[in-house]
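Single-structure report; data block below.
The values are calculated or read from the model by the stated rules, or taken from the named source; none is laboratory data. None of the values given here were measured: they were computed from a predicted structure. Counting neighbours? That spans all protein chains shown, and the Cβs are built from the backbone with ideal geometry, glycine included.
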């Protein structure tokens, strides 16, 4: 235990977090299927957003990466490896690997584009004819989680870059005719307080899911949260030991769901119902349809099902659509409630 204490900083266990079920579910589904497109978590200050995001990263199983590789390259998946590793494989060179924890990268508010994307050493390239690249945060986040706190205060240009990389899985840096491209496949998690400003609708739409969290009002639940946090602060390692079984069970469920995901089916009629709901809600574009299908399959896999049913769609569709609805200043109904109304109406006949 002393060895562990000296080497690692304790992280609050994911399974010990009380409440905030929407946020926890959105994070779990995104690590089961990163193609969902990340999650934006909006809510009050001091509601455990950062704690929960760090906890899910700590919970995930270790990943195998190529030794001394700045991009956390995968040993066999071409979409997750750098050009250098591809060359080594093509030249049949021996490649050593190691297991590391899933990378968890924080993007500070004051970050520059160079800090995010990386920089090319032009002088070295011109004088020595060598492409010299100083990796940025996108390189470090490959195969991990990239967390942006107060994303609604981040420069729109940087948000655009983040969302493009998250969608394509690649980051390209170009300068003076020199171009470097590297894998940047990560789960993008943004959080913020709506009182400090909203994201533009075009940027909101690019996040796969939108979780809303509120301060807990129930006194007994608040006491439970405070006691849990105090207990962890006093003796984090005994708190971690207490949760080890639940942590291992959740980790096993996530691994099983990741393996099962590709075989989960969704009936054509259910796909039509999802698109019908998106149409009635006037959701622009097709991202809402695509993300809801993916999230429903991820949730079905998490429930260890072979096929998506109505209950799976109902569980995820509000998370996938509420931020894609057009804002009406005269509307006195919450966007999540509007989604629920239409969903219950359309899916009622299938239940």
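Any residue in the stretch 93-112 that is within 25 Å of residue 83 (Cβ to Cβ) and outside the structural domain of residue 28 (by TED's automatic domain parsing) sitting within a Cβ distance under 6 Å of a residue that is surrounded by fewer than 14 Cβ atoms within 10 Å (Cβ to Cβ) and at pLDDT 90 or above? List the pairs, counting only those 6 or more apart or interchain.
none
Quick one: what pairs do we get from the stretch 162-190, first residue assigned by TED's automatic domain parsing to the domain that holds residue 121 and at positive phi, second loosely packed, with under 15 Cβ neighbours inside 10 Å and modelled with pLDDT under 85, C-beta under 9 Å, 6+ apart or different chains?
That search, which allows pairs on different chains as well, returns 169/79; 176/122; 176/126.
Is it the case that residue 144 is modelled with pLDDT of 85 or more, touching a helix residue (DSSP H, G or I) at 6+ places or on another chain (Cβ under 8 Å) and surrounded by fewer than 17 Cβ atoms within 10 Å (Cβ to Cβ)? Talk me through it step by step, then tell me what you get.
Numbers: modelled with pLDDT of 85 or more: yes; touching a helix residue (DSSP H, G or I) at 6+ places or on another chain (Cβ under 8 Å): yes; surrounded by fewer than 17 Cβ atoms within 10 Å (Cβ to Cβ): no.
No.
Only one of (1) part of a loop (DSSP other than H, G, I, E, B); (2) touching a residue at least 60 places away in the same chain (Cβ under 8 Å) fails for residue 75. Which number is that?
Answer for residue 75: the failing condition is (2).
When you scan the stretch 114-133, do you find a residue that is more than 14 Å from the chain's Cα centre (by Cα), on the phi > 0 side of the Ramachandran plot, modelled with pLDDT of 85 or more and assigned by TED's automatic domain parsing to the domain that holds residue 40, even just one?
Taking the stretch 114-133 and keeping what is more than 14 Å from the chain's Cα centre (by Cα), we get 114-133.
Subset that is on the phi > 0 side of the Ramachandran plot: 118, 129.
Restricting the remaining residues to those that are modelled with pLDDT of 85 or more gives 118.
Next, only the ones that are assigned by TED's automatic domain parsing to the domain that holds residue 40 stay: 118.
Among the residues of the stretch 114-133, at least one is more than 14 Å from the chain's Cα centre (by Cα), on the phi > 0 side of the Ramachandran plot, modelled with pLDDT of 85 or more and assigned by TED's automatic domain parsing to the domain that holds residue 40, which makes the answer yes.
Only one residue in 310, 264, 283 is surrounded by 16 or more Cβ atoms within 10 Å (Cβ to Cβ), in contact with a strand residue (DSSP E or B) (Cβ under 8 Å, 6 or more places away or on another chain) and on the phi < 0 side of the Ramachandran plot. Which one?
Working: 310 fails: in contact with a strand residue (DSSP E or B) (Cβ under 8 Å, 6 or more places away or on another chain); 283 fails: in contact with a strand residue (DSSP E or B) (Cβ under 8 Å, 6 or more places away or on another chain).
Going through 310, 264, 283 in turn, just one is surrounded by 16 or more Cβ atoms within 10 Å (Cβ to Cβ), in contact with a strand residue (DSSP E or B) (Cβ under 8 Å, 6 or more places away or on another chain) and on the phi < 0 side of the Ramachandran plot: 264.
If I filter the stretch 219-226 for residues that are surrounded by 15 or more Cβ atoms within 10 Å (Cβ to Cβ), in contact with a helix residue (DSSP H, G or I) (Cβ under 8 Å, 6 or more places away or on another chain) and not assigned by TED's automatic domain parsing to the domain that holds residue 327, do I get at least one hit? Spell out the reasoning first.
Of the stretch 219-226, the ones surrounded by 15 or more Cβ atoms within 10 Å (Cβ to Cβ) are 225.
Subsequent filtering for residues that are in contact with a helix residue (DSSP H, G or I) (Cβ under 8 Å, 6 or more places away or on another chain) retains none.
Within the stretch 219-226, not a single residue is surrounded by 15 or more Cβ atoms within 10 Å (Cβ to Cβ), in contact with a helix residue (DSSP H, G or I) (Cβ under 8 Å, 6 or more places away or on another chain) and not assigned by TED's automatic domain parsing to the domain that holds residue 327.
Within the stretch 78-113, work out how many residues are modelled with pLDDT under 85, closer than 27 Å to residue 28 by Cα and outside any loop (DSSP other than H, G, I, E, B).
Within the stretch 78-113, residues that are modelled with pLDDT under 85, closer than 27 Å to residue 28 by Cα and outside any loop (DSSP other than H, G, I, E, B) number 2.
So that you can scan it fast, the table gives a plain yes or no per residue for (1) assigned to a helix (DSSP H, G or I); (2) closer than 27 Å to residue 293 by Cα; (3) at pLDDT 85 or above; (4) assigned by TED's automatic domain parsing to the domain that holds residue 146:
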residue	(1), (2), (3), (4)
6	yes, no, no, yes
12	no, no, yes, yes
19	no, yes, no, yes
22	yes, yes, yes, yes
27	yes, yes, yes, yes
31	yes, yes, yes, yes
41	no, yes, yes, yes
50	yes, no, no, yes
55	yes, yes, yes, yes
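If a residue has to be surrounded by fewer than 15 Cβ atoms within 10 Å (Cβ to Cβ) and part of a loop (DSSP other than H, G, I, E, B) to count, how many in the stretch 171-214 make the cut?
As a first pass, look at the stretch 171-214 and keep what is surrounded by fewer than 15 Cβ atoms within 10 Å (Cβ to Cβ): 172, 174-177, 179, 181, 194-198, 200-202, 214.
Going one step further and asking which of them are part of a loop (DSSP other than H, G, I, E, B), we end up with 176-177, 197-198, 200, 214.
Total meeting the criteria: 6.
Could you say whether any residue in the stretch 139-147 is outside the structural domain of residue 325 (by TED's automatic domain parsing) and either free of Cβ contacts under 8 Å to residues at least 12 places away in the same chain or assigned to a helix (DSSP H, G or I) (or both)? Let's see the steps before the verdict.
The first filter runs over the stretch 139-147 and keeps only residues outside the structural domain of residue 325 (by TED's automatic domain parsing), leaving 139-147.
With the extra rule that they be either free of Cβ contacts under 8 Å to residues at least 12 places away in the same chain or assigned to a helix (DSSP H, G or I) (or both), the set shrinks to 139-140.
Within the stretch 139-147, one or more residues are outside the structural domain of residue 325 (by TED's automatic domain parsing) and either free of Cβ contacts under 8 Å to residues at least 12 places away in the same chain or assigned to a helix (DSSP H, G or I) (or both).
If residue 217 satisfies every condition in (1) part of a strand (DSSP E or B); (2) more than 19 Å from residue 34 (Cβ to Cβ); (3) over 16 Å from the mean Cα position of the chain (by Cα) but one, which is the exception?
(1)
List the number of the failed condition for residue 304; all other conditions in (1) in a helix (DSSP H, G or I); (2) surrounded by fewer than 19 Cβ atoms within 10 Å (Cβ to Cβ) hold.
Tallying (1) in a helix (DSSP H, G or I); (2) surrounded by fewer than 19 Cβ atoms within 10 Å (Cβ to Cβ), residue 304 fails exactly one: (1).
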